[in-house]
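A short worksheet on the structure shown next.
The values are calculated or read from the model by the stated rules, or taken from the named source; none is laboratory data. From a predicted model like this one, the values you see are computed outputs, not experimental measurements. When we count neighbours, we look across all protein chains shown, and the Cβ atoms used for this are built from the backbone with ideal geometry, even at glycine.
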Amino acid sequence: MAVGSSFPHRTTPAVAPQPAAVPAAPANPEFLTTDEAGAFLRLSPRTLEKQRVLGGGPRFRKFGARVVYAAADLRAWADRHTYGMTSDPGYVQRDSVR
């Protein structure tokens, strides 16, 4: 067996430049997108979109074309929709808007 090799000797592999680090999103963001708010409330994002038009949903904010929901507003809206039974005052079964 030959001691030498016909392949050129490499010392270290070339290292590709690393992209700039993007700051990670906070674990508990203050503002949520429609998809994130839907996941937070366990509702379809489409339901939140309908409620923005028809009313009755959580408060939202517009930053340019972007719609966001404050986590505090989502909690407050969910707390206002707490009932012990269907005969509680304020509980009203709404007809479907479909």
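Results for (1) touching a residue at least 12 places away in the same chain (Cβ under 8 Å); (2) of a type in the set (S, T, N, Q), shown as yes or no for each residue.
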residue: 60; (1), (2): yes, no
residue: 64; (1), (2): no, no
residue: 68; (1), (2): yes, no
residue: 74; (1), (2): yes, no
residue: 77; (1), (2): yes, no
residue: 81; (1), (2): no, no
residue: 84; (1), (2): no, no
residue: 87; (1), (2): no, yes
residue: 90; (1), (2): no, no
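To keep it simple, each residue is scored yes or no on (1) assigned to a loop (DSSP other than H, G, I, E, B); (2) touching a Phe, Trp or Tyr at 6+ places or on another chain (Cβ under 6 Å); (3) within 18 Å of residue 29 (Cα to Cα); (4) at pLDDT below 95.
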| residue | (1), (2), (3), (4) |
| --- | --- |
| 46 | no, no, no, no |
| 51 | no, no, no, no |
| 58 | yes, yes, yes, no |
| 68 | no, yes, yes, no |
| 75 | no, no, yes, no |
| 83 | yes, yes, no, yes |
| 86 | yes, no, no, yes |
| 89 | yes, no, no, yes |
| 93 | yes, no, no, yes |
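Out of everything in the stretch 28-48 that is in contact (Cβ under 8 Å) with a residue 12 or more places away in the chain and surrounded by fewer than 12 Cβ atoms within 10 Å (Cβ to Cβ), what residue ends up being nearest to residue 63 (Cα to Cα)?
30
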